[in-house]
Amino acid sequence: MADYDAQSWRERRSRRWEVPERFGMPDARSTMGCVAAPFLAGFSLTAAVVTLSLKTAVSPWHEWASFMFLSAAVLFLLTVHATLWARAFLTTAKQIWDWWPEGPPDDADQAHLRAEQRTHSRGFDLWANRAVVTYDNGVLLVMLGMTFVVIPAEGHFTAPRVLAICIGGLACLIEILWRVLARRSRARIQKREDRMRQGLPAGERAWWEGFFRPDPVAPDPQPGEAARGAAGADATDQSRSDAD
């Protein structure tokens with residue numbers, strides 16, 4: 001019953017406006033493109049120049065590392081552009097109503113406003129998803145560049161260098177695994193919602209899904225429902241005692 005209640009609530013909350021699944025996601029993606037991406041772009045450009053000046057005897061892979069840093073900088077700049085386009089579509093219901101200071105619109109105007117808000121929401125998702133793709137690939141290239149630049153020339157492997165290579169390689173693997181599991185988690189959530197729409201059991205959550213999203217919390221019962229539930233339990237206990 002809880003699965004059906006949760007599904008009906010999700011459908012109800014999106015009946016008027018296009019509501020984001022996670023309320024903080026628009027702000028998080030805006031921060032990613034307006035704060036994190038410019039910072040990482042500057043870091044990547046600096047690392048590309050510094051790495052290119054290294055000697056082959058110090059790091060035989062420095063040219064490849066410089067290429068990765070420069071490619072990452074380009075991707076981070078594309079993230080900034082995509083985020084700016086996404087923010088052009090970012091709006092809330094309150095902002096929409098603020099454009100009607102003379103009074104609430106009639107039913108026909110409200111229908112148009114709902115359609116415009118849904119269009120804006122999908123436009124934001126379109127450009128924000130593009131920004132996420134460029135940002136994620138840029139982060140991966142930075143990690144690969146940092147790993148390649150610490151690979152020494154033949155015969156110069158030391159314990160710190162080997163440890164640094166292992167840490168960089170592990171960071172790259174974690175980044176790839178993170179992205180794969182995150183996409184897998186979204187796909188599993190969509191599958192469970194489709195099953196609930198068909199009247200089927202939602203199914204169990206995978207153990208690793210809790211790493212990305214907490215378990216949904218059921219709403220507290222209303223006072224009237226709690227009273228009816230307590231009365232029903234008392235009636236059941238009374239009927240059992242009469243039967244005894």
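Projected area of the stretch 25-173, taken from the Cα convex hull and averaged over every viewing direction, in nm²?
Its average projected convex-hull area is 10.4 nm².
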- Task: Using the Karplus curve 6.51 cos²θ - 1.76 cosθ + 1.60 with θ = phi - 60°, work out ³J(HN,Hα) for each residue of the stretch 40-54 in order, rounded to whole Hz, and write x for Gly and Pro.
- Result: 5, 5, x, 4, 5, 4, 5, 5, 5, 5, 5, 5, 5, 7, 6
- Task: Please give the contour-minus-distance gain from Ala159 to Trp99: 0.36 nm per residue of separation, less the Cα-Cα distance, rounded to one decimal in nm.
- Result: 15.2 nm
- Note on the structure: In nm, the gap between the two label points placed 7 Å beyond Cα toward Cβ at Val35 and Ile174 is 2.1 nm
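When the Cα atoms of the stretch 17-78 are enclosed in a convex hull and the volume is divided per residue, what value in Å³ results?
90 Å³
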- Accessible area in square angstrom per residue, the stretch 65-211, 1.4 angstrom probe: 63 Å²
- Message: For the stretch 89-140, I need the span (max minus min coordinate) of the C-alpha atoms along each principal axis, in Å, sorted largest to smallest.
- Response: 50, 17, 8
- Message: For a protection proxy built on the mean count of beta-carbon atoms within 10 angstrom, sort 126-133, 156-163 highest first, please.
- Response: 126-133, 156-163
- Note on the structure: Once phi for every residue in the stretch 126-137 is put through the Karplus expression 6.51 cos²θ - 1.76 cosθ + 1.60 (θ = phi - 60°), the whole-Hz ³J(HN,Hα) values, with Gly and Pro written as x, are 4, 6, 5, 5, 5, 5, 5, 5, 5, 5, 4, 5
- Using θ = phi - 60° and the Karplus form 6.51 cos²θ - 1.76 cosθ + 1.60, what ³J(HN,Hα) does each residue of the stretch 55-62 get, whole Hz, x for Gly and Pro? 8, 4, 5, 7, 8, x, 9, 5
- Message: If I stretch the segment between Leu126 and Arg114 completely, what's the gain in nm (0.36 nm per residue apart, minus their alpha carbon distance), one decimal?
- Response: 2.5 nm
- Using bins 10 angstrom wide from zero, how does P(r) for the stretch 62-115 break down, in % of all Cα pairs? 19, 27, 18, 15, 12, 8, 1
- Over the stretch 40-159, what percent of the accessible surface lies on carbon and sulfur atoms, probe 1.4 Å? 68 percent
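The values are calculated or read from the model by the stated rules, or taken from the named source; none is laboratory data. Given the structure is predicted, the values throughout are model-derived calculations rather than measurements. Quick reminder, even Gly has a Cβ in these numbers, built from the backbone with ideal geometry, and neighbours come from all protein chains shown. Note: areas computed on protein heavy atoms with side chains; ligands, DNA, RNA excluded. Shrake-Rupley method; radii C 1.70, N 1.55, O 1.52, S 1.80 Å.
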